[in-house]
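Every number here is computed from the coordinates shown, using simple stated rules; none is lab data. Source: prediction; values computed, not measured. Cβ: placed from backbone, ideal geometry, glycine included. Neighbour counts: every protein chain shown.
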Amino acid sequence: MESLETRPSGELLDLSGQIALVTGASGNIGRAIAERLHDAGARVVVHYFENRNGAEALASRLERAETCGADLREEAAVAALFETHEPDIVINNAARQPVEALEAMSPDAWREVLASNLDAAFLVTQAAAGHWRTSDRPGCIVNIASIEGLDPAAGHAHYATSKAGLIMFTRASALEYGPDGIRVNAVSPGLVDREGLAAAWPDGVERWKSKAPLGRLGTANDVADAVLFLVSPAARWISGTNLVVDGGMSARSRW
């Protein structure tokens, strides 16, 4: 078998023959990730929870794709998903991002965000790694975290906490599953543009643009390209890292 280290550089991002599960793939970032991995040759499992129409529309545009619906907060649902699908790559992207002041936040609201953003990634990671161990094959996981896991924003105590936990969970998973040939990394995006964002939050968009060293918002494809790198053979010796994709915002002094 050809060593990954001797592959021509043009083949290092080739995912041909691999299956990639992208959770929350019907959303903005998830859709871009699914499309980019598909472009690289992977067969894509487009996961959704509520937006079935969006997932099916995406899958219909791709040559090698299928959809699956599951509540990833439920252990039985995750187990059933992995009985049906056998991915080589898992992208834990599904998440919720409500805005609520900490003072008024209910315990149920807190638990809901942590369950959606952190518990689901735990269950999916555990299930994927278990299948890879049983079949004695390597695998690769990328968790979509956030720069809010490093610097919180007002109204996002639950969201920021869940993403901080996801970053540490990435490191813990990489440590424990590394001996099995399983790589686990995270990508932490900054502010990513989406339809209607500028109209809904004009002051925030302008503040970001004025402060970010690269002078613009991110795009979903900016995040997808980072994910493609981390799941590809080009990143074969990278595990346990958190790749910040924020246009240089984290380089700005906070004081």
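Which FRET efficiency value, to the nearest 0.05, is calculated for R7 and R64 with the Förster distance at 30 angstrom and r the Cβ-Cβ distance?
For R0 = 30 Å, the calculated efficiency reads 0.85.
Measure nothing but the geometry: give the 0 to 90° angle between the long axis through the Cα atoms of 157-177 and the longest principal axis through the Cα atoms of the chain, rounded to 10°.
20
Would you compute the Debye intensity of the stretch 15-247 from its alpha-carbon atoms alone, equal scatterers and no solvent, and pass along log10 I(q)/I(0) at q = 0.11, 0.13, 0.14 Å⁻¹ to two decimals?
Cα-only, vacuum Debye calculation for the stretch 15-247: -0.53, -0.75, -0.87.
Let me have the relative contact order for the chain, percent, based on Cα pairs under 8 Å that are six or more residues apart.
So the answer I get is 19 percent.
Give me, ordered by chain and number, the residues 5 or more places off L217 or on other chains with an amide H under 5 Å from its own placed amide H.
none
Roughly what angle does helix 28-39 make with the longest principal axis of the chain, taking Cα atoms, 0 to 90 degrees, to the nearest 10?
30
Taking only DSSP H segments of four or more residues, each worth -39500 (n - 2.57), what value at 222 nm results for the chain once the sum is divided by all its residues, to the nearest 500 deg cm²/dmol?
Helix-only estimate at 222 nm: -12000 deg cm²/dmol.
FRET efficiency for E112 and D39, Cβ-Cβ distance as r, R0 = 45 Å, nearest 0.05?
With R0 = 45 Å, the Cβ-Cβ based efficiency is 0.85.
Give me a comma-separated list of calculated 3J(HN,Hα) values for the stretch 144-153, in order, Karplus coefficients 6.51, -1.76, 1.60 applied at θ = phi - 60°, integers in Hz, x for any Gly or Pro.
8, 9, 5, 5, 6, x, 10, 9, x, 10
What is the Cα coordinate range of the stretch 1-86 on the first, second and third principal axes, sorted by size from largest, in whole angstrom?
That works out to 43, 26, 19 Å along the principal axes.
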